[in-house]
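What follows is a set of notes on a single structure, which appears directly below.
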Amino acid sequence: MTRNAVVAAEGRLTDWISVGVLTSSVLRDAVDEAVAVTGRQAQRSDGKLPPHVMVYFAMALALFADEDYEEVAERLTETLTTWGCWDTRWSVPTSGGITQARKRLGYEPVRELFTQVAVPVAEELTRGGFVGPWRVMAIDGFEWDAPDTEENAAEFGYAGSGVDRSAFPKVRVVSVSECASHAVVDAEMGGIAGKGSGEQTLARRLYARLEPDWLLIADRNFYNWADWCAAADTGAQLLWRVKADLRLPVLKFTSDGAYLSVLINPKIRGKARLALIDAARAGHDLDPGQARMVRVVEYTVPDREGDGNGELICLITTIGADGDPRAAPAAVLAQAYHERWEHETGNKQLKTYLRGPGRVLRSKSPDMVRQEIYGYLLCHYAISTLICRAATEADIDPDRVKFKRTVRLVRRRVTDPAAISP
């Protein structure tokens, strides 16, 4: 791809930011609907900080992580005036007033708004967006440091214990993102310690919301029998790495070098398990509560450490589990699996380029922590959408458009009077 194409995409992105900023993805109508659905409408018509203003303020907090409340509000005032969201008779409230308005809003409207607007944005012509007819998606987790208050500690807990205990309470977030655009389209959050705090538990809440045209990629920490079945039953296609100790009997090799195998409910053992393997090998119908056919793709990553050992990657997939690999040959799936790292890139964009490296969240109570994180997710989603659309128009991979540079452009132009009304 030529350098001129990259420059063209970034130039077009600059134009789009000047007229759209964040509002093209987070419309005022959607904000009002989220506020209404969650029952957080303003109690007074003359209130200085009505709920729709505070929703945009939550996004602005993510965009201006270095600024205090009053400075963020000052930066946002001109834009809100242009949108018709700010009465010019008002004055910018104090930090205390903003804190109270955040508490009145709560996190539910911001979560509802994220649920409404966060959808995949890659188009058919977006590079890296699809494998065959399936949109490439990934699931993974990351952590946020929250202020060390009694409330946050009780709600989220600390990582480790004793001298190895983390300095701050940590919030775990597991999200589903679109690999091509890095746009996060679904998320669940919880604590870092205690029963039910693991990535698998949070991921379990997401599987029911998968879409049939998705190809969901997951690392080896996510596989277990029940979760695989729950995700597969949505109609989405799966491509998950599994650990080396998972027993995968070889039933039949396919023309692309992969092989068919069968996953068996771990409660079934001994002769009953062997009988299911024989039935699968013979092509008999299987009770999906007992066994599931899969296709297995294995390959070795060359020695990275110089110790003479490569890394064996073992992937299982629902694609081609009927024995026909033509929809996605093994080499294509192996390449697609490594798109999972685009999720890591998206996490870095959130935690490093928006929040700032090593930065602790602002909020001192659990509900405000959740509100703040959803504000980050919305802000990141809006910027990722702009980048993806510009890159698609320029026919380049969205990775070629610098996220960090885009954030700087948005910050400079967030008060541009040309910004369109949401």
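The values are calculated or read from the model by the stated rules, or taken from the named source; none is laboratory data. This one's a predicted model, so the numbers in the text were calculated from it and none came from an experiment. When we count neighbours, we look across all protein chains shown, and the Cβ atoms used for this are built from the backbone with ideal geometry, even at glycine. To get the accessible areas, we keep the full protein, side chains included, count just its heavy atoms, and leave off ligands, DNA and RNA. Shrake-Rupley method; radii C 1.70, N 1.55, O 1.52, S 1.80 Å.
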Can you tally the net charge around residue 379? Count Lys and Arg as +1, Asp and Glu as -1, for every other residue whose Cβ sits under 13 Å from the Cβ of residue 379.
+2
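With a 1.4 Å probe and all protein chains left in place, how much of the accessible area of the chain comes from carbon and sulfur atoms, in whole percent? Don't skip to the answer; put the middle values down first.
Details: 9070 of 18980 Å².
Summing carbon and sulfur atoms, their accessible area is 48 percent of the total for the chain.
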Go through segment 179-249 and name the trypsin sites (Lys or Arg not before Pro) that are in a DSSP coil and have 10 or fewer other Cβ atoms within 10 Å of their Cβ.
195, 243
Helix 403-413 against the longest principal axis of the chain: what's the angle in degrees, Cα atoms only, rounded to the nearest 10?
20 degrees
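Using the structure shown, list the pairs from 243/267; 103/351; 195/404; 243/271 with a Cα-Cα distance above 26 Å, or answer none.
Where the Cα-Cα span goes over 26 Å, the pairs concerned are 195/404.
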If you work out volume of the Cα convex hull per residue in Å³ from the coordinates, which of (i) 132; (ii) 183; (iii) 170 do you get?
(iii)
For segment 160-231 (alpha-carbon point model, no solvent) the Debye-based log₁₀ I(q)/I(0) at q = 0.17, 0.28 Å⁻¹ works out to -0.72, -1.41
Simple SL model, points at 7 angstrom along Cα→Cβ for residue 100 and residue 68; separation in nm is 1.9 nm
Could you list the trypsin sites (Lys or Arg not before Pro) in segment 276-347 that lie in coil according to DSSP, counting only those with at most 16 other Cβ atoms within 10 Å of their Cβ?
304
Skipping prolines and chain starts, which residues have an amide H placed within reach, meaning under 5 Å, of the one on residue 131, given they are 5 or more residues away or on another chain?
136
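Looking only at GluC sites (Glu not before Pro) in DSSP loops with at most 13 other Cβ atoms within 10 Å, what is the longest site-free stretch of the chain?
Working: sites that count: 124, 305.
My reading of the result: 125-304 is the longest stretch.
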Compute the accessible area per residue over the chain, keeping the other protein chains in place, probe 1.4 Å, unit Å².
45 Å²
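How much length is gained if the chain between residue 163 and residue 404 is pulled fully straight, taking 0.36 nm per residue apart and subtracting their Cα-Cα distance, in nm to one decimal?
Working: separation 241, 0.36 × 241 = 86.76 nm, distance 3.57 nm.
Contour length minus Cα-Cα distance gives 83.2 nm.
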Grab the other residues whose beta carbon is less than 13 angstrom from that of residue 134, score K and R as +1, D and E as -1, and report the net.
-4
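Given R₀ = 30 Å, what would the calculated FRET efficiency be for residue 272 paired with residue 233, taking r from the Cβ atoms and rounding to 0.05?
Values: r = 23 Å, r/R0 = 0.75.
The calculated FRET efficiency here is 0.85.
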Using a basic spin-label model with each label point 7 Å from the Cα along Cα→Cβ, how many nm lie between residue 244 and residue 208?
3.8 nm
Flagged as over-length at 31 Å C-alpha distance, from 48/364; 48/170; 48/348, the pairs are 48/170; 48/348
